[in-house]
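Structure record follows, encoded as structure tokens.
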Amino acid sequence: MQDVAEQPSAIRWYYEGLGQNVFRAVSCRSCGKLTFPPTGCCEHCGSWEVEGVELSGEATLLYATHNITPACHPRFETIAPYVYGHLRLREGPIVQAIILGVEARPESLRALFERGPVPVKAETLTMEDLPVIAFRLAG
Ligand SMILES: [Zn+2]
């Protein structure tokens, strides 16, 4: 655990972790819930009493689709078309992120849909400007 209040910026601390394949959130000392991505205060109760925690990177993919080009942000144009999904981190929060290991084709997305919720694992995508968290199908 790290005291996020001692960091110059919770967001900078998050991106520095991503650059090292370390996935970070903050845990609230008041309500005990996690905020991901981390900010300086709890997104659930507004408390500033938060501390940094490391996430396992393990998650379950709940939903997946593909983007319609152009990408939603210029930084993603180089990897478009890609699969995008909603997933639940093992620690609880629900996250939206790029999903790796699935082709952005209707047949691939249908096969994934028929499998149902599947395990995924976080990894860092190195982009031109900032690293980005993505999740890869496990197995
Ligand atoms: Zn809280």
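Output yes when any residue across the range 100-121 is closer than 23 Å to Ser9 by Cβ and not assigned by TED's automatic domain parsing to the domain that holds Ile11, and no when none is. Within the range 100-121 (the criterion being closer than 23 Å to Ser9 by Cβ and not assigned by TED's automatic domain parsing to the domain that holds Ile11), the answer is no, since none of the residues qualifies. Of everything in the range 77-107 that is part of a helix (DSSP H, G or I) and in contact (Cβ under 8 Å) with a residue 24 or more places away in the chain, the residue that is surrounded by the most Cβ atoms within 10 Å (Cβ to Cβ) is Ile79. The set of residues from the range 8-64 being polar (S, T, N, Q), assigned to a loop (DSSP other than H, G, I, E, B) and at negative phi comprises Ser9, Gln20, Ser30, Thr39, Ser47, Ser56.
Scanning the range 13-32 for residues that are more than 13 Å from the ligand (Cβ to nearest atom) and either loosely packed, with under 14 Cβ neighbours inside 10 Å or not aliphatic (A, V, I, L, M) (or both) yields Trp13, Tyr14, Tyr15, Glu16, Gly17, Gly19, Gln20, Asn21, Phe23, Arg24.
If you check Cys41 against the conditions, is it in contact with a Cys (Cβ under 9 Å, 6 or more places away or on another chain) and either more than 21 Å from Trp13 (Cα to Cα) or outside the structural domain of Arg12 (by TED's automatic domain parsing) (or both)? Show your work before the answer.
Details: in contact with a Cys (Cβ under 9 Å, 6 or more places away or on another chain): yes; either more than 21 Å from Trp13 (Cα to Cα) or outside the structural domain of Arg12 (by TED's automatic domain parsing) (or both): no.
No; evaluated as a whole, the condition is false for this residue.
How about the range 33-45: which of its residues are within 7 Å of the ligand (Cβ to nearest atom) and either in contact with a Lys or Arg (Cβ under 7 Å, 6 or more places away or on another chain) or not charged (D, E, K, R) (or both)? Listed by number, the residues that qualify are Cys42, His44, Cys45. In the range 72-87, of all residues being farther than 17 Å from Val102 by Cα and not acidic (Asp, Glu), the one that is modelled with the lowest pLDDT corresponds to Cys72. Working carefully through the options Glu91, Glu58, find the one that is modelled with pLDDT of 95 or more, more than 16 Å from the ligand (Cβ to nearest atom) and either touching a strand residue (DSSP E or B) at 6+ places or on another chain (Cβ under 8 Å) or of a type in the set (Phe, Trp, Tyr) (or both). Matching residue, one of Glu91, Glu58: Glu58.
The values are calculated or read from the model by the stated rules, or taken from the named source; none is laboratory data. Small disclaimer: the values here were computed from a predicted structure and weren't measured. All Cβ positions, even for glycine, are placed from backbone atoms using ideal geometry, and neighbour counts span all protein chains on display.
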